[in-house]
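K.L.:
The following block contains the structure, expressed as structure tokens.
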Amino acid sequence: MKPRILIIGACGQIGSELTFTLREKHGADHVIASDIREGSASLMQSGPFEILDATNYNALEDLILHYDVNEVYLMAAMLSGTAEKFPMKAWDLNMNTLFHVLNLAKDGKINKIFWPSSIAVFGPSTPKDNTPQKTIMEPSTVYGISKQTGERWCEYYFKRYGVDVRSIRYPGLISYKTPPGGGTTDYAIEIFHEAIKEEKYTCFLSENTALPMMYMDDAINATIAIMEAPKEQIEIRSSYNLGGISFTPKEISEKIQKHIPNFSISYDPDFRQAIADSWPSSINDEAAQNHWNWKHSFQLEDIIETMLNGIKQELKAN
Ligand SMILES: NC(=O)c1ccc[n+]([C@@H]2O[C@H](COP(=O)([O-])OP(=O)(O)OC[C@H]3O[C@@H](n4cnc5c(N)ncnc54)[C@H](O)[C@@H]3O)[C@@H](O)[C@H]2O)c1
């Protein structure tokens, strides 16, 4: 039987691409997109779309009952950079929406949940290279604290109430179709837009800051793969490490220069440098590989070509 899916935060960077992919897979009527704001015309016209403030439990429950939803992808959150400016708002949004969805599943109103965690669950005391699945986690950002807490609650709801919740610790995600939502890895998207438009970019992180990154298509594939895996393969009910690749602003700028020889980069680190410094440089995702056969496919060169071609095509079309 086809699932009936609700995506919360469907107009965001990940939600929008997830909506299109799931609609292609299951049929538009089986995937209800929702967000607190309107998104692109193409997203809103490609299937059912509802304005929803996911912090409102009653509105969320009504939508789930109205559409007979059985799976929820909760993509609404306040991301790392913005969360440092509005700590309490970030905590309220990130935690309350998760509790609402977990409680709806506990009460038997939905069967399965996807909730994304992040590499931000790690902190300055975590081993930085090839960071293991299980290790010291002392996040120093509001965003990271909300994600680590969320992981603990997901595992608790699975163990105590049998809630089928599945989660991935996304690294920084790179895509061109929807703008990024205020994270510390946003530079790795902005750099492509500025390279094409201005042939120069001022980076808000320092040149040798290595961070784990992934192309959006890989992240969407991983999200669908973990949701479709047989229940017994999901041995970790907090959240799975997901690796991808790792690079610094200097490395990516040198690769872009091969395509745009006049491109130049300068560095003016801001408050996001401290966030980046507290995160891993690279991630070990063997557990995801072993449990549900995860494997990423985009390497840095693939990402560079896809981003440059995609942005150029979008500029031509507009
Ligand atoms: N993008 C990344 O690189 C990255 C990395 C790690 C984890 N994540 C996680 O993935 C998820 C999605 O991230 P994203 O990059 O798409 O974020 P985003 O900011 O682009 O999108 C979030 C969406 O949620 C919506 N939203 C905010 N408050 C809402 C509310 N009260 N009710 C309903 N919708 C609301 C926003 O309007 C926005 O469209 C988040 O949980 C984020 O923490 C993202």
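Matching residues to (1) modelled with pLDDT under 95; (2) more than 11 Å from the ligand (Cβ to nearest atom):
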| site | (1), (2) |
| --- | --- |
| LYS112 | no, yes |
| SER118 | no, no |
| PHE122 | no, yes |
| PRO139 | no, yes |
| GLN148 | no, yes |
| LYS159 | no, yes |
| PRO180 | yes, no |
| ILE189 | no, no |
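K.L.:
If I filter region 132-147 for residues that are assigned to a helix (DSSP H, G or I), surrounded by 17 or more Cβ atoms within 10 Å (Cβ to Cβ) and basic (Lys, Arg), do I get at least one hit?
P.N.:
Scanning region 132-147 turns up at least one residue that is assigned to a helix (DSSP H, G or I), surrounded by 17 or more Cβ atoms within 10 Å (Cβ to Cβ) and basic (Lys, Arg).
K.L.:
Can you report the number of residues in region 158-175 which are of a type outside the set (Phe, Trp, Tyr), more than 19 Å from the chain's Cα centre (by Cα) and at negative phi?
P.N.:
4
K.L.:
Scan region 171-217 for residues that are of a type in the set (Phe, Trp, Tyr) and in contact with a helix residue (DSSP H, G or I) (Cβ under 6 Å, 6 or more places away or on another chain) and jot them down.
P.N.:
Matches in region 171-217: TYR176, PHE192, TYR201, PHE204, TYR215.
K.L.:
Next up: Of all the residues that make up region 221-232, how many are under 20 Å from ILE5 (Cβ atoms) and surrounded by fewer than 19 Cβ atoms within 10 Å (Cβ to Cβ)?
P.N.:
The number of residues fulfilling the criteria is 7.
K.L.:
State yes or no: is LEU308 touching a strand residue (DSSP E or B) at 6+ places or on another chain (Cβ under 6 Å), more than 30 Å from CYS154 (Cα to Cα), surrounded by 13 or more Cβ atoms within 10 Å (Cβ to Cβ) and modelled with pLDDT of 95 or more?
P.N.:
No: the conditions fail for LEU308.
K.L.:
How many of the residues in region 138-183 are touching a strand residue (DSSP E or B) at 6+ places or on another chain (Cβ under 8 Å) and charged (D, E, K, R)?
P.N.:
5
K.L.:
Follow-up. It is to be established whether one or more residues within region 103-120 are assigned to a helix (DSSP H, G or I) and under 19 Å from THR184 (Cα atoms).
P.N.:
yes
K.L.:
Being assigned by TED's automatic domain parsing to the domain that holds GLU228, within 18 Å of the chain's Cα centre (by Cα) and closer than 17 Å to ALA287 by Cβ is the requirement here; does GLU155 meet it?
P.N.:
So GLU155 fails the test.
K.L.:
Return the only residue of SER246, SER266, SER206 being farther than 20 Å from GLU17 by Cα and either within 16 Å of the ligand (Cβ to nearest atom) or surrounded by 22 or more Cβ atoms within 10 Å (Cβ to Cβ) (or both).
P.N.:
Matching residue, one of SER246, SER266, SER206: SER246.
K.L.:
Turning to a different aspect of this structure: What are the residues in region 49-91 that are part of a loop (DSSP other than H, G, I, E, B), within 13 Å of the ligand (Cβ to nearest atom) and touching a residue at least 60 places away in the same chain (Cβ under 8 Å), if any?
P.N.:
MET75, ALA76, ALA77, MET78, LEU79, listed by residue number.
K.L.:
Is it true that ASP218 is under 17 Å from GLN289 (Cβ atoms) and in contact (Cβ under 8 Å) with a residue 60 or more places away in the chain?
P.N.:
yes
K.L.:
Any idea which of (1) at pLDDT 95 or above; (2) under 30 Å from MET137 (Cα atoms); (3) not small (Gly, Ala, Ser) is the one PHE263 doesn't satisfy?
P.N.:
Status for PHE263: all satisfied but (2).
K.L.:
Follow-up. What number of residues within region 161-178 are in a loop (DSSP other than H, G, I, E, B), touching a residue at least 40 places away in the same chain (Cβ under 8 Å) and more than 11 Å from the ligand (Cβ to nearest atom)?
P.N.:
Within region 161-178, residues that are in a loop (DSSP other than H, G, I, E, B), touching a residue at least 40 places away in the same chain (Cβ under 8 Å) and more than 11 Å from the ligand (Cβ to nearest atom) number 3.
K.L.:
Take the residues of region 1-48 that are under 17 Å from GLU71 (Cα atoms), crowded, with 21+ Cβ neighbours inside 10 Å and of a type in the set (S, T, N, Q): which is farthest from the ligand (Cβ to nearest atom)?
P.N.:
This residue is THR19.
The values are calculated or read from the model by the stated rules, or taken from the named source; none is laboratory data. Since the model is a prediction, treat every value here as computed from it, not as a measurement. Ideal geometry is used to build each Cβ from the backbone, glycine not excepted, and the neighbour counts take in all protein chains shown.
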